[in-house]
Amino acid sequence: ADTGFFYVTKKNPRTQTEKLSFRKYDPVVRKHVDFKEAKIK
């Protein structure tokens, strides 16, 4: 949703090589949106 809100989670890069993506709640737009893995800037 590009609101600037993000979740932090852990993953094992050796076993999970594909990018993480999950639907979670974004309080900025007050709905569930897709969160995709990205570098924290």
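The values are calculated or read from the model by the stated rules, or taken from the named source; none is laboratory data. Fair warning: this is a prediction, and the values are worked out from it, not measured in the lab. Please note: Cβ atoms are built from the backbone with ideal geometry, for glycine as well, and neighbour counts cover all protein chains shown.
The set of residues in segment 10-20 that are surrounded by 10 or more Cβ atoms within 10 Å (Cβ to Cβ) and either among the polar types (S, T, N, Q) or outside any loop (DSSP other than H, G, I, E, B) (or both) contains only Gln16.
With respect to Tyr7, determine if the residue is in contact with a Lys or Arg (Cβ under 8 Å, 6 or more places away or on another chain) and not in a loop (DSSP other than H, G, I, E, B).
Working: in contact with a Lys or Arg (Cβ under 8 Å, 6 or more places away or on another chain): yes; not in a loop (DSSP other than H, G, I, E, B): no.
For Tyr7, the condition - in contact with a Lys or Arg (Cβ under 8 Å, 6 or more places away or on another chain) and not in a loop (DSSP other than H, G, I, E, B) - is not met.
Of all residues in segment 4-20, at least one satisfies being on the phi > 0 side of the Ramachandran plot and modelled with pLDDT under 90.
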